[in-house]
Amino acid sequence: MIGHVLYDFGHQRDAQKTPQEWVPTPGKVRQSRSLRIFGSWVEDSNLWQLSRHTTAKAFGIGLYCAMLPVPGQMIISVALAIVFTANVPLSFSLIFITNPLTMPAIYYAAYRLGAWVLGKEPLDIEFEASWTWFVQSLDNIWWPLLVGSQLMGVMLGVLGYWMIDTMWRNAVRRQWHARRKRRQ
């Protein structure tokens, strides 16, 4: 279906691209202003390929970083992807799970989880989806929010890594069995 849509808009070649062809070239990476702070580290080809290991690690890192209630999630996700040799574009893009629409619900759940783990009664705070409210309320909620978001991040990161690794292995196993059947 996506291929048909791309074809209708005159982008037939884009519909035929493999996921690996969407990955930027080392030259494009060098030109990126946002990635310059990482220097030559981002030029490692392992950080841009889609393999079972780099993809599973990217999911783990991206989902973990998405739960962090701090500015700079993007930089943290790229830095962790470099350290753990994960797919940089994938770990970077997964942090957008937390966006202005999802942040209030995710961070409220993280706060409640953190309060529960710490044995604190959650405060009955009138919630507003604004930066001003967040800064003013931070004094009362920061510790449960931090603990809860770390726990959610670790749980989602481990779950994401495991799911991608398992799905990839199963897909390869199915392909192997299908190829074996065709040969018989």
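Give me K120, K181 ranked fewest to most by other Cβ atoms within 10 Å of their Cβ, as a rough exposure proxy.
Neighbour counts put them in this order, fewest first: K181, K120.
Order by neighbour count: F84, F59, fewest other Cβ atoms within 10 Å first, most last.
F84, F59
From the C-alpha coordinates alone, can you work out the Kirkwood hydrodynamic radius of segment 35-135, in Å?
Result for segment 35-135 stands at 15.0 Å.
For segment 171-178, take each phi angle, set θ = phi - 60°, evaluate the Karplus expression 6.51 cos²θ - 1.76 cosθ + 1.60, and give the result in whole Hz per residue in order, putting x for glycine and proline.
Once θ is set to phi - 60°, the couplings for segment 171-178 become 5, 5, 4, 4, 4, 5, 5, 5 Hz.
State to the nearest 20 debye the size of the charge dipole of segment 67-184 about its Cα centre, where the only charges are +1 on K and R beta carbons and -1 on D and E beta carbons.
Approximately 1620 debye in magnitude.
If you plug each phi of segment 91-96 into the Karplus form 6.51 cos²θ - 1.76 cosθ + 1.60 with θ = phi - 60°, what whole-Hz ³J(HN,Hα) values come out, in order, with x for Gly and Pro?
My calculation for segment 91-96 gives 5, 5, 6, 5, 5, 6 Hz in order.
Tabulate in residue order the Karplus-calculated ³J(HN,Hα) for segment 41-50, using 6.51 cos²θ - 1.76 cosθ + 1.60 with θ = phi - 60°, rounded to whole Hz; enter x for Gly and Pro.
Working through the residues one at a time gives 4, 6, 7, 4, 5, 5, 6, 10, 9, 9 Hz.
Where a number appears in this text, it was derived from the coordinates with a stated rule and is not lab data. It should be emphasised that the depicted structure is a prediction, and the values quoted were computed from it without experimental measurement. Glycine also receives a Cβ, built like all others from the backbone with ideal geometry; neighbour counts cover every protein chain displayed.
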